[in-house]
Every structure is written in C-alpha cells, then in structure tokens.
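Peer 1: First the structure, which I've put down as structure tokens, then a few questions once you've had a look.
The values are calculated or read from the model by the stated rules, or taken from the named source; none is laboratory data. All values derive from a computational prediction rather than experimental measurement. No Cβ is skipped: glycine too gets one built from the backbone with ideal geometry, and neighbour counts run over all protein chains shown.
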Amino acid sequence: MLRVAETREGRWTVLHVRGELDLVSSPVVRQRVHDAVAAGDRQVVLDLSEVFFCDSSGVGVLVAARRLMRSCQGRLRLVLPARGAEEGSHVNRVLAALGVRRLFEVYADAASAADDEASPLSA
C-alpha cells in the first residue's frame, strides 16, 4: 500500500511517499504532483526514502514528474538516501540501473532538498 503525505519546507512542497511505487500505486504519485502544480507549487521534493520497491511504471512517473516540472519552469528534487536497509535505497539502485539517475537532483533528506544552498548528492 502506498501513502503520500504533504508538508512544506520553506518555499518547497514536500511529498513524502511511503510503500511500493508500482503499476497500481504510481498513478497516486502522478496525481499528487499534478495537484501540487495546479495549486501553483513550482518547487517540489519527492521524498522517496520510505519507498521499498519501485518498478518501471514508478520510474516512468518520476521521469514524467521531472518533465512536468521543467515544462512549467519548476524544479523537482528527490530524496534518496545513499544508505538504507540494503546498502542504498531500492529506488536509487533502480534509477542507476536504468541510466536515469543522472536526470534528477538527489538529496539525502528533505531538509537538504529544500535548502537552496545544499548541493545534490553525486550519482
């Protein structure tokens, strides 16, 4: 089961995603990003630190969210902790394996993702 909670960190909307990001649940994340943009939010953080599974449809939603944010001159950042239960987050490994990790600005936590002075983690 997937859960998405929304918080604010300064000027950033943070969507905390928890659970599995797959064919069944990924439309929920897509809709929440669209809702944020419709509400006028142009700086969105997807906190994926509690996502323990991500399939190709989940990756597709992340790529589509990036495209949407860029089309409205917005910014998208991901939270993908470098270390997790299995030496790195599942989403981070999937994005790297598919060669799309480099497309995203990735941070270790939501606070640094919402900090305009913080540098993204290297791929």
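Peer 1: Does Ala64 qualify as being exposed (fewer than 15 other Cβ atoms within 10 Å of the Cβ), without any contact (Cβ under 8 Å) to a residue 60 or more places away in the chain and not polar (S, T, N, Q)? So that I can check it myself, show each step before the final result.
Peer 2: Working: exposed (fewer than 15 other Cβ atoms within 10 Å of the Cβ): no; without any contact (Cβ under 8 Å) to a residue 60 or more places away in the chain: yes; not polar (S, T, N, Q): yes.
Spelling it out, it is not the case that Ala64 is exposed (fewer than 15 other Cβ atoms within 10 Å of the Cβ), without any contact (Cβ under 8 Å) to a residue 60 or more places away in the chain and not polar (S, T, N, Q).
Peer 1: Hey, another quick one. Can you tell me which condition Leu98 does not meet? The list is (1) within 13 Å of the chain's Cα centre (by Cα); (2) surrounded by fewer than 18 Cβ atoms within 10 Å (Cβ to Cβ), and all the others hold.
Peer 2: Looking at each condition in turn, Leu98 falls short on (1).
Peer 1: Would you confirm whether any residue within the range 22-36 is in a strand (DSSP E or B), touching a residue at least 24 places away in the same chain (Cβ under 8 Å), surrounded by 14 or more Cβ atoms within 10 Å (Cβ to Cβ) and in contact with a helix residue (DSSP H, G or I) (Cβ under 9 Å, 6 or more places away or on another chain)?
Peer 2: So the first thing to find is which residues in the range 22-36 are in a strand (DSSP E or B), and the list is none.
No, the range 22-36 contains no residue that is in a strand (DSSP E or B), touching a residue at least 24 places away in the same chain (Cβ under 8 Å), surrounded by 14 or more Cβ atoms within 10 Å (Cβ to Cβ) and in contact with a helix residue (DSSP H, G or I) (Cβ under 9 Å, 6 or more places away or on another chain).
Peer 1: Kindly indicate whether Leu48 is under 24 Å from Arg93 (Cα atoms) and either under 12 Å from the mean Cα position of the chain (by Cα) or in a strand (DSSP E or B) (or both).
Peer 2: Values: under 24 Å from Arg93 (Cα atoms): yes; either under 12 Å from the mean Cα position of the chain (by Cα) or in a strand (DSSP E or B) (or both): yes.
In short, yes.
Peer 1: From Arg102, Arg67, grab the single residue that is modelled with pLDDT of 95 or more, part of a helix (DSSP H, G or I) and over 16 Å from Thr13 (Cβ atoms). Write out each step before concluding.
Peer 2: Details: Arg102 fails: modelled with pLDDT of 95 or more.
After applying the criteria, what remains is Arg67.
Peer 1: Criterion first (in contact (Cβ under 8 Å) with a residue 60 or more places away in the chain and closer than 18 Å to Ala5 by Cα) does Asp109 satisfy it?
Peer 2: On the way: in contact (Cβ under 8 Å) with a residue 60 or more places away in the chain: yes; closer than 18 Å to Ala5 by Cα: yes.
In short, yes.
Peer 1: Looking at (1) over 20 Å from Asp115 (Cα atoms); (2) surrounded by fewer than 18 Cβ atoms within 10 Å (Cβ to Cβ); (3) within 14 Å of the chain's Cα centre (by Cα), can you tell me which one Ala5 breaks?
Peer 2: (1)
Peer 1: Anything in the range 8-21 that is farther than 13 Å from Arg75 by Cα and touching a residue at least 24 places away in the same chain (Cβ under 8 Å)? List them, or say none. Steps first, answer last, please.
Peer 2: Let us first name the residues in the range 8-21 that are farther than 13 Å from Arg75 by Cα, namely 8-10, 15-21.
Residues satisfying the conditions are Glu9, Gly10, Leu15, His16, Val17, Arg18, Gly19, Glu20, Leu21.
Peer 1: Before we move on, is Val94 in a helix (DSSP H, G or I), in contact (Cβ under 8 Å) with a residue 40 or more places away in the chain and touching a strand residue (DSSP E or B) at 6+ places or on another chain (Cβ under 6 Å)?
Peer 2: Answer is yes for this residue.
Peer 1: From Asp41, Asp55, Asp35, Asp22, which residue is in contact with a strand residue (DSSP E or B) (Cβ under 6 Å, 6 or more places away or on another chain) and of a type in the set (Asp, Glu)?
Peer 2: Working: Asp55 fails: in contact with a strand residue (DSSP E or B) (Cβ under 6 Å, 6 or more places away or on another chain); Asp35 fails: in contact with a strand residue (DSSP E or B) (Cβ under 6 Å, 6 or more places away or on another chain); Asp22 fails: in contact with a strand residue (DSSP E or B) (Cβ under 6 Å, 6 or more places away or on another chain).
On inspection, the qualifying residue turns out to be Asp41.
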